[in-house]
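Written out below as structure tokens is the structure these notes cover.
The values are calculated or read from the model by the stated rules, or taken from the named source; none is laboratory data. Here the structure is a predicted model, which means the values were calculated and not measured. Cβ sites come from the backbone with ideal geometry, for glycine too, and all protein chains shown count toward neighbours. These area figures cover heavy atoms from the full protein model, side chains too; ligands, DNA and RNA do not enter into them. Shrake-Rupley method; radii C 1.70, N 1.55, O 1.52, S 1.80 Å.
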Amino acid sequence: NETKILEVKTPLYNCLSMKHIEAVIATQLMTTLLASSVLLPIIGLYFYPKIVGLYIILPYVLLIILGKRPEKNGEGSPWRYFSENFSYCKIMRKHLELNFSSLPKEFIEMEKKPNAQFIIGIGPHGVNSDFRILMEGKLSEIMPNTYERTRALAATVLFCLPLVRQISLWTGCIDASKAVAKRALSKNKILVIVPGGEQEQLMSTPGIEQLYLQKRKGFVKLALEYKIPLVPLYVFGSNDIYKTDNKTLYKLRYW
């Protein structure tokens, strides 16, 4: 097995100096857009149920249900230019000093092989798994031969939210169901999996490096079933990006 390390050096919540102001603005903008994609339809339905429901929500739902659903076919709909050049991503990669460590020789040799295939198990999840989106724009640097075939598994609910759905698709995500994962592997795709999921997300605590893997063996079984290497990747600093409160109603949220 080969190991790669991704490092995020600068905590997002520690943006106090002027040189970080662009990162704060970019983050606030993205947070506002993502929140709006969820809240505005709900608010709109309350005040204008017929207009919003009939002319916005219904067409969008029908598009998702009746459309091609690229997140389900194992191919996805990645947009490389967006991942590498979207201003927010470029600013945040620079601000967080997000970089891969030196790559093991074994991984470099494996990645060069024709039809090379493997599964990358990555963690910790962090609060928003921001690094996963940002990382997409740098994968081509370390995986020049296999980048175009690389897909990341993402929670099903993300593909039901306006804007979030498009960002997920553009950054190489497909549905995280077992059936879709197998479909992608059967098409010789390389998978990026964050096995800790929401449990690991809730555990995110600044200054504490921890993973939730005890009951997360599905990605290992996939690697064994398809007889392909499993590449562990640890993201140092992902738990430090946001301040968190793991005491208030923690057990209820975990449940």
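What to note about this one:
- Per-residue HN-Hα couplings for the range 102-114 [Karplus 6.51, -1.76, 1.60; θ = phi - 60°; Hz; x = Gly/Pro]: 4, 7, x, 4, 4, 5, 4, 5, 5, 5, 7, 5, x
- Surrounding net charge for Ala176, when Lys and Arg each add one and Asp and Glu each subtract one, Cβ distance under 13 Å: +4
- Amide H contacts under 5 Å for Thr150, placed H, 5+ residues apart: Ile190
- Cα lying deepest toward the dipole's positive end in the range 127-255, options Ala155, Asn128, Ser140, charges on Cβ: Ala155
- Over every Cα atom in the range 139-219, the radius of gyration and the widest Cα-Cα span, Dmax, amount to 14.1, 40 Å.
- Lys, Arg +1 and Asp, Glu -1 on Cβ, resulting dipole of the range 152-216 about Cα centre, debye, nearest 20: 420 debye
- Estimated inter-spin distance, Phe236 and Gln214, nm [label 7 Å along Cα→Cβ]: 2.7 nm
- Here, the range 101-255 is characterised by an Rg to Rh ratio of 0.96, where Rg is the alpha-carbon radius of gyration and Rh the Kirkwood radius.
- Calculated from backbone phi, Karplus (6.51, -1.76, 1.60) coupling profile of the range 172-178 in Hz, x at Gly/Pro: x, 8, 10, 4, 8, 5, 4
- Solvent accessible area, Å² - Phe159, 1.4 Å probe, full protein context: 0 Å²
- Neighbourhood net charge (15 Å Cβ-Cβ; Lys/Arg +1, Asp/Glu -1) for Ile65: +2
- Whole-Hz ³J(HN,Hα) from phi, Karplus 6.51 cos²θ - 1.76 cosθ + 1.60, for the range 66-72, glycine and proline x: 9, x, 6, 6, x, 5, 9
- Residues whose placed amide H lies under 5 Å from that of Val231, excluding near-sequence neighbours: Ile119, Ile120, Gly121
- Taking packing as the residue-averaged number of other Cβ atoms within 10 angstrom, the listed peptides 226-235, 66-75, 168-177, 143-152 run from highest to lowest as 168-177, 143-152, 226-235, 66-75.
- Near the amide H of Ile241, within less than 5 Å, lie the amide hydrogens of Leu12, all on another chain or at least 5 residues away, with H placed in the peptide plane.
- For the pair Glu148 and Glu109, label points projected 7 Å from Cα toward Cβ lie 2.6 nm apart.
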